[in-house]
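In what follows, a single structure is set out as structure tokens and then discussed.
The values are calculated or read from the model by the stated rules, or taken from the named source; none is laboratory data. None of the values given here were measured: they were computed from a predicted structure. Neighbour counts are summed over all protein chains in view; Cβ atoms, including those assigned to glycine, are modelled from backbone coordinates with ideal geometry.
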Amino acid sequence: MDEHHQTKDFVGLWTAHARRVYSYILTLVPNWADAEDIFQETGTTLWEKFNEFTPGSDFGAWACRTAYYKVLSFSKRKGRLFYGDERLLEAVAEDTVAMADMLDAQHLALADCLKKLSDRDRDLIDRRYSQGGSVKSVAEQVGRSAPAIYKALQRIHQTLFDCISRKLSAEERL
């Protein structure tokens, strides 16, 4: 693969997974400044070793595993393990990856369920969760009372919860 395509592939994968990797690091490292340093080191290492990545495999898992080793290395350099014991750190890391997979599945289900809402319900959700959106501002925008908006949002949230639950349950059966 030529260097241009390799760079393009890396940037696309890193962009898609960087937030997940950073969140993963934050679960393992209690200090934001340390997490930022480890995140930067992880990104650099991933780029340096990108030729070792198998195309088509799980870049996010590979990146998180690399981040885990960076956390270990950082901890040893600083002379302290964040969880006091490497086995405990490994257990937290494994649970975090499992939770990330679950959250990814929930996020995909939510996106699909949002598409199934009526235009009116999706408009209320968009207005409420847009930057600076509040129940009061939505009520004023659509000409309804705040209690009516609360009730509508509660109904929409329940609809989304039920839809996501059904989707995840169906996926587990596959």
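Applying the selection to region 1-44, what residues are surrounded by 11 or more Cβ atoms within 10 Å (Cβ to Cβ) and of a type in the set (D, E)?
Of everything in region 1-44, those that are surrounded by 11 or more Cβ atoms within 10 Å (Cβ to Cβ) and of a type in the set (D, E) turn out to be D9, D34, E36, D37, E41.
It is to be established whether one or more residues within region 11-32 are more than 20 Å from the chain's Cα centre (by Cα) and either under 21 Å from H107 (Cβ atoms) or without any contact (Cβ under 8 Å) to a residue 60 or more places away in the chain (or both).
no
Restricting to region 104-134, and then to whatever is within 19 Å of R19 (Cβ to Cβ) and polar (S, T, N, Q), can you tell me which residue is surrounded by the fewest Cβ atoms within 10 Å (Cβ to Cβ)? Lay out the reasoning, then the answer.
Filtering region 104-134 for residues within 19 Å of R19 (Cβ to Cβ) gives 104-111, 129, 131.
With the extra rule that they be polar (S, T, N, Q), the set shrinks to 106, 131.
On the way: Q106: 14, Q131: 4.
My answer is Q131.
Please verify whether region 74-90 includes one or more residues that are in a helix (DSSP H, G or I), touching a Cys at 6+ places or on another chain (Cβ under 9 Å) and either modelled with pLDDT under 75 or not assigned by TED's automatic domain parsing to the domain that holds L13 (or both).
Scanning region 74-90 turns up no residue that is in a helix (DSSP H, G or I), touching a Cys at 6+ places or on another chain (Cβ under 9 Å) and either modelled with pLDDT under 75 or not assigned by TED's automatic domain parsing to the domain that holds L13 (or both).
Just need a number here: residues in region 112-153 that are within 23 Å of the chain's Cα centre (by Cα), closer than 22 Å to S165 by Cα and of a type in the set (D, E, K, R).
Of the residues in region 112-153, 5 are within 23 Å of the chain's Cα centre (by Cα), closer than 22 Å to S165 by Cα and of a type in the set (D, E, K, R).
From the list W47, W62, which one is of a type in the set (F, W, Y), surrounded by fewer than 18 Cβ atoms within 10 Å (Cβ to Cβ) and either modelled with pLDDT under 90 or in contact with a Phe, Trp or Tyr (Cβ under 9 Å, 6 or more places away or on another chain) (or both)?
Of the residues listed, the single one that is of a type in the set (F, W, Y), surrounded by fewer than 18 Cβ atoms within 10 Å (Cβ to Cβ) and either modelled with pLDDT under 90 or in contact with a Phe, Trp or Tyr (Cβ under 9 Å, 6 or more places away or on another chain) (or both) is W47.
List every residue pair whose Cβ atoms sit under 8 Å apart, with the two residues 6 or more apart in sequence or on different chains, where the first one lies in region 34-53 and is not assigned by TED's automatic domain parsing to the domain that holds D9 and the second, anywhere, is polar (S, T, N, Q).
Pairs that qualify, where the first residue is not assigned by TED's automatic domain parsing to the domain that holds D9 and the partner is polar (S, T, N, Q): there are none.
Scan region 154-174 for residues that are over 15 Å from S118 (Cα atoms), of a type outside the set (F, W, Y) and either surrounded by 11 or more Cβ atoms within 10 Å (Cβ to Cβ) or in contact (Cβ under 8 Å) with a residue 24 or more places away in the chain (or both) and report the count.
Adding up the residues that qualify gives 7.
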